[in-house]
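Step one of this worksheet: look at the structure below.
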Amino acid sequence: MAGKVRVAFVGCGGIGNFHFGHFADNKIPDAQIVAVCDKVEERAQKAAARFGATPYLRWQDMFAKEQFDALYVCVEPCAHEREDGGMELAAIEKGCHLFVEKPVALSMDYANKVLAGLTKKKLIHAAGFQDRYLDFAPRMKAWLATKEIGFFNGYWVGGMPGVWWWRKRSTSGGQAVEQTIHTFDMARYLFGEVVAVSAFGRRGIMENVPDYDTEDASAVNLKFESGLIGTIYSGCFANAFGKNGIDVFCKGGKLEYTERGGFKAMEPNMTIEMKTGNDYGQEEDDVFIDAIIENDQSLIVSPYSEAVKDLEVVLAANESMDNGGKVIYLR
Ligand SMILES: NC(=O)c1ccc[n+]([C@@H]2O[C@H](COP(=O)([O-])OP(=O)(O)OC[C@H]3O[C@@H](n4cnc5c(N)ncnc54)[C@H](O)[C@@H]3O)[C@@H](O)[C@H]2O)c1
């Protein structure tokens, strides 16, 4: 590719700014943010001023007027496909490489259409599961590969995010879909494909929260292709008394993964402990731009295709919760 990779953004809110931080101060010298879009004018203006980019209020206008090689989609879960057939499909039509924040959609139909378009046009694609870029993740996976695992427990238990769209299933998908999907993704990264899902959720713990209609707590049972079983818990009622991570119980050993912090693997006479040693968020953006320059999708550790499989699992969890814990078979 000649010249810098020209990058555009839709969504200049919380996670948009996380990515902006990685492009700021010429930290990714091979890329330039040329256009930014947000429905909230001051967000678009602020981001545009930071990068000398052009601000837009409507992505349709940005797509019509600007030339860019890659698009970051950093909008709330319900917004991907809401307007004019969907922003990802329109970007694919333009031949744009795509970075899409998780959850990549709220419907499998749309996510599958996007994946088919990306594959057909051989575009580079990535999704926002930055934990896959933690420097110790391959080491943790390698240790587990030597063990016979009995089962695991995963957790995303904490407080309630402040963004307006989080509190309704119709706009966020609920906690398992919107937040705990990071834990589901790490479980799939470590353990492989999920074949069956059965879940229970409960409501009513959080009181006096306006416009709130999703689960306060859920437990999702998973069965993997390998035969492995595990449960992933979500909760938004615990604030500082929660836990984020995965505990894996093995024959003669145990591994504790602390979300984004490190891991501790214990076996008789040996303990391995590693803490996070890299800026894994910076790395996911560096790698996305490198993959575009090299035209090499295999560099991406967190492709859109993996995010679609994560989405399938968490949407199945919702379906099961809504149907008394019914087992949903995925393959
Ligand atoms: N990878 C991570 O760790 C991580 C962390 C936080 C959020 N996220 C994900 O990122 C997404 C956004 O979350 P957030 O916290 O940044 O939300 P946010 O509400 O702070 O920002 C979303 C922005 O998108 C804009 N937007 C929505 N629809 C638009 C449209 N059609 N055109 C232009 N702008 C539009 C909104 O105005 C808003 O400014 C969510 O899916 C969330 O799950 C990922």
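For the range 16-32, putting each phi into the Karplus relation 6.51 cos²θ - 1.76 cosθ + 1.60 with θ = phi - 60° gives couplings of x, 5, 4, 5, 3, x, 7, 8, 5, 6, 6, 5, 10, x, 8, 10, 9 Hz, in residue order, rounded to whole numbers and with x for Gly and Pro.
Expressed to the nearest 5 percent, the antiparallel share of DSSP beta bridges inside the chain is 60 percent. In percent, rounded to a whole number, the relative contact order of the chain is 20, using alpha-carbon pairs under 8 Å and six or more apart. Distance between the modelled labels on Lys326 and Tyr212, one decimal in nanometres: 2.9 nm (7 Å Cα→Cβ projection).
What separates the Cα centres of the range 246-293 and the range 168-217 is a distance of 23 Å. When the listed pairs Lys39/Lys122; Lys254/Lys275; Lys4/Lys275 are checked against a 24 Å cut-off, the alpha-carbon distance exceeds it for Lys39/Lys122; Lys4/Lys275. Among the GluC sites (Glu not before Pro) within the range 193-290, those in coil by DSSP and having at most 11 neighbouring Cβ atoms inside 10 Å are Glu207. If you run the Gaussian network model on the chain, springs between alpha carbon atoms under 10 Å, then out of Gly85, Gly262, Gly13 the most flexible one is Gly85.
Helices in the chain, meaning DSSP H runs of at least 4 residues, each add -39500 (n - 2.57). Divided by all residues, the mean residue ellipticity at 222 nm is -9500 deg cm²/dmol.
Exposure proxy ranking for Met321, Met266, based on other Cβ atoms within 10 angstrom of each Cβ and starting from the fewest, stands as Met266, Met321.
For Tyr72, the residues 5 or more places off, or on other chains, whose built amide H falls under 5 Å of its own are Ala8, Phe9, Val10, Phe99.
Shape class for the chain: prolate, because the ratio a/c of the largest to smallest gyration tensor axis (alpha-carbon atoms, square roots of eigenvalues) is 1.5 or more and a/b beats b/c.
Where is the GNM fluctuation largest for the chain (alpha-carbon springs, 10 angstrom cutoff): Lys168, Lys65, Lys275? It is Lys65. Near Asp216, the amide H atoms lying under 5 Å from its own belong to Arg202, Arg203, Gly204, Ile205; only residues 5 or more places off or on other chains count, and H is placed 1.01 Å from N.
Readers should treat all values here as calculations from the given coordinates under stated rules, not as data from a laboratory. The structure displayed is predicted, hence computed values, not measured ones. All Cβ positions, even for glycine, are placed from backbone atoms using ideal geometry, and neighbour counts span all protein chains on display.
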